[in-house]
Amino acid sequence: MTQQEIIYSIALSKLKGLSLLNVRILMDRLGSASEVFAHRTDIKSVLPDANDRLVEALASVDDAMRDAEKEMLFAESKNIKVLLLNDDDYPQRLKECEDAPLVLYYCGEADLNRAKVINIIGTRECSDYGKELCRNFVADLKKHFPDTLIVSGLAYGVDINAHRAALNNGMDTIGVLAHGLDRVYPSMHRQTAADMVHSGGGLITEYTSGTTPERMNFVRRNRIVAGLCDACVVVESAAKGGSLITADLALNYNREVFAFPGRVYDEHSMGCNMLIRKHRATLITNAEDMIEAMGWEDMHDKKVKGAVQMELFPELSDEETLIVEVLKSVDDKHINQIVIDTNMSYSKVSMLLFEMEMKGVIMALGGARYRLCRKMG
């Protein structure tokens with residue numbers, strides 16, 4: 001990606017009066033931020049249906065361009081990666097969400113498209129019970145899938161305990177921030193944030209430097225926490241709060257949601273118990289419960305299997321054959337993982353899976369998981 005495209009993308013994300021939805025429409029119609037800016041003074045010539053608000057926003061780009069150039073210099077000086085929506089390094093799970101940010105700022109080395117990514121979230125008023133759940137869950141997960149990337153929000157309570165549990169077990173962890181990368185909030189978590197970056201994890205945000213941690217930023221941040229991951233694990237939550245917002249977002253993104261149950265009169269377990277009671281989350285008591293529900297096959301416990309030969313399928317396209325290949329070596333896979341493995345869009349994979357199911361090639365399981373219909377030894 002050229003530096004010019006990066007600067008134009010940052011500027012486009014900062015234009016006042018231009019919603020994220022309008023930005024995505026512009027990018028889809030014109031193909032790049034550079035093309036959008038090339039037509040900023042005659043946008044109606046290429047988009048006759050452009051409204052007056054869009055025309056006005058594109059006509060006043062001087063401040064946004066100055067801010068973008070300043071942000072680019074800041075990113076270069078701090079070794080921050082600027083990830084654009086069309087970059088290969090952009091988190092592909094998040095990319096398929098319609099409200100994915102146009103630009104992400106990332107300080108870290110962890111692969112954001114790792115095979116297994118989960119978030120661990122919960123109340124800021126974490127009890128000793130919640131802290132113990134975080135420690136035990138991450139330690140158990142490490143035994144089976146040490147390469148799992150753990151995501152949270154670096155906030156007080158469950159978030160910071162999840163990050164620290166990951167660090168203590170040598171697992172990479174990512175903090176999603178509600179402000180720019182020129183600060184760490186809360187400041188008392190600064191050392192943990194530094195440890196996360198230096199140990200192979202990182203910090204990520206959609207906000208430019210100078211952005212302060214305003215209340216609404218945390219609400220918007222939650223969609224990134226949800227969209228980055230395959231599954232959402234709620235440890236403790238009150239009847240209302242950011243954790244429940246994140247869980248709802250995860251469900252809307254077709255992610256799996258899990259919750260630890262708590263005592264019925266415990267204020268900080270009411271949210272988890274409600275999610276379970278309303279069948280919006282699967283009850284878990286340990287990492288093994290989540291692993292089983294996700295259909296993850298533990299290679300350490302897997303018995304050696306004989307060679308498996310695929311039966312002849314109906315004539316398949318190259319794209320359908322690719323999906324068959326990524327499903328051959330596993331019992332089943334979540335659609336998000338198929339998207340990553342095939343490097344195709346979510347909508348394309350979804351259409352192909354439907355057609356392949358009609359052909360009798362694959363079978364749709366619960367929780368947006370798929371398996372091949374016919375295998376033989």
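The values are calculated or read from the model by the stated rules, or taken from the named source; none is laboratory data. Given the structure is predicted, the values throughout are model-derived calculations rather than measurements. Note: ideal-geometry Cβ built from the backbone for every residue, glycine included; neighbour counts use all protein chains shown. Quick note on the areas: whole protein, heavy atoms, side chains included, nothing else; ligands and nucleic acids left out. Shrake-Rupley method; radii C 1.70, N 1.55, O 1.52, S 1.80 Å.
Within the stretch 278-295, how many residues are closer than 13 Å to Phe145 by Cβ and not in a helix (DSSP H, G or I)?
The qualifying residues number 1.
Out of the residues in the stretch 130-159 that are open to solvent by 10 Å² or more (accessible area, probe 1.4 Å) and of a type in the set (A, V, I, L, M), state the one that is farthest from Asp111 (Cα to Cα).
Checked the stretch 130-159; the qualifying residue farthest from Asp111 (Cα to Cα) is Leu133.
Quick test for you: out of Ala287, Ala231, pick the one residue that is closer than 26 Å to Arg135 by Cβ, crowded, with 21+ Cβ neighbours inside 10 Å, modelled with pLDDT of 95 or more and under 18 Å from the mean Cα position of the chain (by Cα).
Just one listed residue meets the conditions, Ala231.
Of everything in the stretch 321-332, what is at pLDDT 90 or above and under 23 Å from the mean Cα position of the chain (by Cα)? Give them in sequence order.
Those that are at pLDDT 90 or above and under 23 Å from the mean Cα position of the chain (by Cα): Ile323, Val326, Leu327.
Between a first residue in the stretch 31-52 that is under 19 Å from Tyr8 (Cβ atoms) and a second residue that is part of a loop (DSSP other than H, G, I, E, B) and open to solvent by 80 Å² or more (accessible area, probe 1.4 Å), which pairs have beta carbons less than 8 Å apart while being 6 or more apart in sequence or on different chains?
Ser32/Asn86; Ser34/Thr2
Filter the stretch 123-147 for residues that are in a loop (DSSP other than H, G, I, E, B) and closer than 30 Å to Lys78 by Cβ; which is nearest to the chain's Cα centre (by Cα)?
Asp147
Could you please give the count of residues in the stretch 13-30 that are more than 16 Å from Leu83 (Cα to Cα), in contact (Cβ under 8 Å) with a residue 24 or more places away in the chain, open to solvent by less than 70 Å² (accessible area, probe 1.4 Å) and not hydrophobic (A, V, I, L, M, F, W, C)?
Summing the residues that are more than 16 Å from Leu83 (Cα to Cα), in contact (Cβ under 8 Å) with a residue 24 or more places away in the chain, open to solvent by less than 70 Å² (accessible area, probe 1.4 Å) and not hydrophobic (A, V, I, L, M, F, W, C) in the stretch 13-30 gives 2.
Mind checking which residues of the stretch 340-371 are of a type in the set (A, V, I, L, M) and more than 20 Å from Ile291 (Cα to Cα)?
Of everything in the stretch 340-371, those that are of a type in the set (A, V, I, L, M) and more than 20 Å from Ile291 (Cα to Cα) turn out to be Met344, Val349, Met351, Leu352, Leu353, Met356, Met358, Val361, Ile362, Met363.
Looking only at the stretch 234-267, filter to residues that are among the polar types (S, T, N, Q) and in a loop (DSSP other than H, G, I, E, B); which one of those is most open to solvent (accessible area, probe 1.4 Å)?
Filtering first and then ranking leaves Asn254.
For the stretch 346-364, name all the residues that are outside any strand (DSSP E or B) and open to solvent by 60 Å² or more (accessible area, probe 1.4 Å).
Ser347, Lys348, Met351, Phe354, Glu355, Glu357, Met358, Lys359
What are the residue pairs meeting all of these: first residue in the stretch 100-129, first residue surrounded by fewer than 19 Cβ atoms within 10 Å (Cβ to Cβ), second residue part of a strand (DSSP E or B) and of a type in the set (S, T, N, Q), Cβ atoms under 8 Å, and 6 or more apart or on different chains?
Close Cβ pairs (under 8 Å, with a partner that is part of a strand (DSSP E or B) and of a type in the set (S, T, N, Q)) do not exist here.
Before we move on, is Lys95 among the basic types (Lys, Arg) and touching a strand residue (DSSP E or B) at 6+ places or on another chain (Cβ under 9 Å)?
No.
At least 2 residues that are open to solvent by less than 70 Å² (accessible area, probe 1.4 Å) and β-branched (Val, Ile, Thr) in each: list the helices (runs of 4 or more DSSP H) lying fully within the stretch 40-81 that qualify.
43-46
What about Ile7, is it open to solvent by 20 Å² or more (accessible area, probe 1.4 Å), under 24 Å from Ser209 (Cα atoms) and part of a helix (DSSP H, G or I)?
yes
In the stretch 160-185, how many residues are open to solvent by 40 Å² or more (accessible area, probe 1.4 Å) and over 21 Å from Leu83 (Cβ atoms)?
So the answer is 5.
Within the stretch 307-320, take every residue that is at pLDDT below 85 and open to solvent by 70 Å² or more (accessible area, probe 1.4 Å) and give me the one that is farthest from Ser345 (Cα to Cα).
Top of the filtered list is Ala307.
Only one of these conditions is not met by Asp87: (1) closer than 30 Å to His163 by Cα; (2) open to solvent by 50 Å² or more (accessible area, probe 1.4 Å). Which number is it?
It fails just one condition, (2).
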